[in-house]
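Comments concern the structure below.
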Amino acid sequence: MTTPAQDPVQAFLETFIRSNQGIAGTVHRRSAADDLELIASLNIPPPVLTIVARVPRGKGMAGLAFERNAFISTCNIKTDTTGQVRPGARAVDAQAAVALPVHDGQGQVRAVVGIAFREEKILSDDNLAALGRAAEALPI
């Protein structure tokens, strides 16, 4: 059986979170035409893991990143009123967050990487682009 430390996706997520000064995150892989499945997580409360085990296109930050093929970010998941943040996400001990679509060779979304930060902040276009480039290295 593969342990989290041996799983290349989990190892990628842990390195990605640490190197970008995040505190929590997820990786969802496209599992069907309109669904994402959770395949790695870090510092996500168990009740939230249950809620986000499967994410349909257009639901929550990951589902919106999948649907729009665009970065979806918030400066504070606790107080966000845009409708992009699902109620379960508020249980994560974080504030700023971003969901980053990851692409296959044809430019289709193959996964979504999420990262959350302890502090409230607005991520600049340059910050988002750098995070997006780093997320594209996802080993799936």
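The values are calculated or read from the model by the stated rules, or taken from the named source; none is laboratory data. For clarity, every value in this text was computed on a predicted model and none was experimentally measured. Note that we place each Cβ from the backbone using ideal geometry, even for glycine, and neighbour counts take in every protein chain shown.
Which numbered condition in (1) free of Cβ contacts under 8 Å to residues at least 24 places away in the same chain; (2) not in a helix (DSSP H, G or I) is the only one that Gln21 fails?
Answer for Gln21: the failing condition is (1).
Which residues, counting only those in region 109-124, are modelled with pLDDT of 95 or more and either farther than 15 Å from Leu64 by Cβ or crowded, with 22+ Cβ neighbours inside 10 Å (or both)?
Residues satisfying the conditions are Arg110, Ala111, Val112, Val113, Gly114, Ile115.
Could you pull out the residue among Val55, Val48, Val9 that is over 12 Å from Ala111 (Cβ atoms) and touching a residue at least 12 places away in the same chain (Cβ under 8 Å)?
Just a single option satisfies the conditions, and that option is Val48.
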